[in-house]
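Only one structure is covered here, and it is reproduced in the block below.
The values are calculated or read from the model by the stated rules, or taken from the named source; none is laboratory data. Note that this is a predicted model, so its numbers are computed, not measured. Cβ placement follows ideal geometry from the backbone for every residue including glycine, while neighbour counts extend to all protein chains displayed.
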């Protein structure tokens, strides 16, 4: 199990992640997360790329995704040491597609230091099941 700073517990870390998600949805502004991200924050994507705090905040702002009012249904929120894993189903305001999201967050010193994120549109999930089926 990962080492915790003396001031944080797995429950504290879960609370920080929930606070971050709540701030993002309430404001729709990625800058609302900035105080909860460490200066050396890294956002990792499935394609192997990573962004710094400034790069990630700018990319979210440029994406023009209407985050305010996003519906988020948290299915699982688990913590182990300095890591928090969240599986959620999300829907953007209006008629946006439902997505399934897995986030793995690493926290340090009471701040989010890293996040790994996988997003999949629910209506395309069946197509991704075929990779392990034999021909």
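What the table below lists for this structure:
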| read-out | value |
| --- | --- |
| Selected residue [at pLDDT below 85 and on the phi < 0 side of the Ramachandran plot] from 77, 67, 57 | 67 |
| Meets criteria (under 24 Å from residue 57 (Cβ atoms) and assigned to a strand (DSSP E or B)) for residue 113 | yes |
| Search result, residues across segment 100-135 that are touching a helix residue (DSSP H, G or I) at 6+ places or on another chain (Cβ under 9 Å) and more than 18 Å from residue 16 (Cβ to Cβ) | 100, 120 |
| In segment 116-135, residue farthest from residue 38 (Cα to Cα) [restricted to those that are modelled with pLDDT under 75 and not in a helix (DSSP H, G or I)] | 135 |
| Residue satisfying condition, being at pLDDT 90 or above and within 24 Å of residue 128 (Cα to Cα), within set 104, 112 | 104 |
| Filter result (over 21 Å from residue 28 (Cβ atoms) and in contact with a helix residue (DSSP H, G or I) (Cβ under 7 Å, 6 or more places away or on another chain)) within segment 76-99 | 77, 79, 80, 81, 82, 84 |
